[in-house]
Amino acid sequence: MDIENNNSKISSIKWNPWFTSDELQIIYKELELWSTQKNIALKLNVPLYKIQQFVQKNNIPFHKRGLRSSSKHSLDVHFFDNIDTQEKAYWLGFLMADGCTPTQCRITLISKDLEAITKLRNSLKTTILITNNTYFDKRTLKTYKAFSLQINSKYMVNKLNEYSINKEKSYNGKFPYIPELFFKDYIRGLFDGDGCICKILNKNWKVSLIGTKHIIEYIQNFFCKIGNFSRTKILLKCNNIKSKQFILYISKLKDIKFFLDYIYSNSYESIQLNRKYHLYQQFLLEYPLIINDRFKRRYAERPERRTKIIRSDGVIFNGQIEAAKSLDVHQSCISIALNKHNRKVRGYSFARY
């Protein structure tokens with residue numbers, strides 16, 4: 001709400017026996033941040049009843065509970081105004097994965113990792129308490145124990161809505177318009193919230209990421225554009241009929257390394273989930289060993305091939321091509337003679353030496 005809009009609202013006020021124009025500007029500014037009536041009264045140093053009567057008699061929309069963070073706790077409500085840092089991009093992605101906006105003035109982040117909730121709390125510079133509870137996940141149809149952080153701020157909710165984080169984000173969420181410089185941080189936030197890195201049967205590494213079709217396809221196309229990344233089929237996660245969540249599976253070793261190296265490059269502790277970062281470090285340690293083991297199995301265990309060929313008259317040749325040239329025949333004739341011992345070429349039989 002800018003000053004011109006405030007002036008237009010002030011000019012339309014019909015009942016105002018107490019406040020000056022400057023005080024009205026303060027009142028509307030606090031209303032924009034959904035502050036409580038008590039807070040506004042304390043800020044203007046006036047009795048509470050004056051604010052209550054002013055709001056009631058002028059039919060000014062007012063949230064009954066106000067903004068909890070403004071009344072009791074500190075909060076950087078302008079944190080998501082402009083996505084211009086790694087930190088902001090990371091938490092935007094994390095909220096897209098694990099956050100929700102159940103009402104027009106509330107943001108809720110639910111995570112099984114207390115570490116993630118605490119780091120977001122520090123980034124937002126808020127003193128809002130973290131609660132421990134259980135929740136039902138509609139996507140997995142399971143109940144989990146988790147930690148949650150509830151932020152009541154209509155202003156911040158409106159900002160997050162601009163980046164497709166809304167009540168229906170699980171169905172219509174889109175990759176936001178942010179600088180490409182921060183794509184890796186946004187994708188890392190998504191991955192820390194709705195991604196998985198694991199080792200199946202203590203042998204093969206797998207990476208997966210869950211999201212809406214638009215987000216998953218955008219990420220896959222982006223990785224195919226910037227590197228030699230394999231394009232795989234995106235699968236629908238259909239635990240229930242209404243599900244519109246899709247899964248991107250990454251199983252090739254080179255693709256896993258390319259994906260993880262990209263999202264974790266230039267990251268630091270406050271904008272990464274240590275549990276998954278440690279798995280990434282473990283993968284890096286095992287990567288050369290896996291490559292070496294695959295090389296051995298592919299080449300070292302092969303039996304040595306005999307290239308020399310002996311003709312029935314005792315002449316030895318270095319391969320089928322040399323033997324074929326000596327008789328002026330095609331190489332396939334020598335190959336047939338080697339595999340079928342009763343076949344002769346120009347009266348000669350051949351055998352591997």
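How big is segment 67-223 in terms of Cα radius of gyration and Dmax, in angstroms?
Both quantities, over Cα of segment 67-223: 15.6, 53 Å.
Counting only the heavy atoms of the protein chains, how much of residue 312 is accessible to a 1.4 Å probe, in Å² to the nearest 10?
70
To check my understanding: the extent here is largest minus smallest coordinate of the Cα atoms along each principal axis. What are those three numbers for segment 241-282, in Å, largest first?
Projected onto the principal axes, the Cα atoms of segment 241-282 cover 39, 26, 17 Å.
Which of the residue pairs 50/154; 38/119; 199/276; 203/252; 199/233; 184/276 have a Cα-Cα distance greater than 19 Å in the structure shown?
Working: 50/154 24 Å; 38/119 31 Å; 199/276 12 Å; 203/252 13 Å; 199/233 21 Å; 184/276 15 Å.
Distance filter (> 19 Å) returns 50/154; 38/119; 199/233.
Under a straight-distance cross-link criterion of Cα-Cα below 15 Å, which aspartates and glutamates are reachable from residue 344, leaving out those fewer than 8 residues away in the same chain?
313, 328
Taking 25 Å as R0, compute the FRET efficiency from the Cβ-Cβ separation of residue 353 and residue 294 and round it to 0.05.
Numbers: r = 33 Å, r/R0 = 1.30.
Step by step, r from the Cβ atoms, then E = 0.15.
Please give the solvent-accessible surface of residue 22 in Å², to the nearest 10, using a probe radius of 1.4 Å with every protein chain present.
110
Using a probe of 1.4 angstrom, how much of the accessible area of segment 131-226 is carbon and sulfur, in percent? Could the numbers behind the result be given before it?
Values: 2520 of 4860 Å².
Carbon and sulfur: 52 percent of the exposed surface of segment 131-226.
Find the Rg to Rh ratio for segment 160-254, where Rh is the Kirkwood radius over alpha-carbon pairs and Rg uses the same atoms.
Values: Rg = 13.9 Å, Rh = 14.3 Å.
In segment 160-254, Rg relative to Rh is 0.97.
Label-point separation (nm) for residue 158 and residue 122, each offset 7 Å from Cα along Cα-to-Cβ?
Spacing of the two 7 Å Cα→Cβ label points: 3.2 nm.
The values are calculated or read from the model by the stated rules, or taken from the named source; none is laboratory data. As the structure is a computational prediction, the values presented were derived from the model and not from experiment. So basically every Cβ, Gly included, is an ideal-geometry build from the backbone, and we count neighbours across all protein chains shown. Side chains are part of the model used for accessible areas, which takes the heavy atoms of the whole protein and leaves out ligands, DNA and RNA. Shrake-Rupley method; radii C 1.70, N 1.55, O 1.52, S 1.80 Å.
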